[in-house]
1. Do you know which residues across segment 1-57 are small (Gly, Ala, Ser), surrounded by 17 or more Cβ atoms within 10 Å (Cβ to Cβ) and within 10 Å of the chain's Cα centre (by Cα)?
2. Report the residue count in segment 1-47 for those that are closer than 14 Å to SER72 by Cα and in contact (Cβ under 8 Å) with a residue 12 or more places away in the chain.
Amino acid sequence: MHNFKKLKIWQEGITIVSDSYRLTKTFPDYEKFGLVSQMNRCAVSIPSNIAEGSSKSTDKHFNKYLEDSLGSAFEWQKQLIVAFNENYLSE
């Protein structure tokens, strides 16, 4: 078992959550239930999976949650690309 709050990857995940909420506040209102919701939910999923995985008794189980977290990070990255392409974000 791991203390997830001490894991650098969890701390960076929390930063991504804050970044996502800060960025999506500037999106158009009509994206509130679309891209904004999707981006914030998958951002929150990143550190959430790390925290949940840290409670597992084996590294094999923990690694599964780390892989899920990575998948959410890739999903968030894709959504950033969409937001950029729609001119909701600047480079």
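1. Of segment 1-57, the ones small (Gly, Ala, Ser) are 13, 18, 20, 34, 37, 43, 45, 48, 51, 53-55, 57.
So of that shortlist, the ones also surrounded by 17 or more Cβ atoms within 10 Å (Cβ to Cβ) come out as 13, 20, 43, 45, 48, 51, 53-54.
Selection gives GLY13, SER20, ALA43, SER45, SER48.
2. We begin by selecting, within segment 1-47, every residue closer than 14 Å to SER72 by Cα; these are 9-10, 12-14, 16-17, 20, 37-47.
Retained after the next criterion (residues that are in contact (Cβ under 8 Å) with a residue 12 or more places away in the chain): 9-10, 13-14, 16-17, 20, 38-40, 42-47.
Summing the residues that are closer than 14 Å to SER72 by Cα and in contact (Cβ under 8 Å) with a residue 12 or more places away in the chain in segment 1-47 gives 16.
No value in this document is a laboratory result; all are computed from the given coordinates. In this text, all values refer to a predicted model and were calculated from it rather than measured experimentally. Cβ: placed from backbone, ideal geometry, glycine included. Neighbour counts: every protein chain shown.
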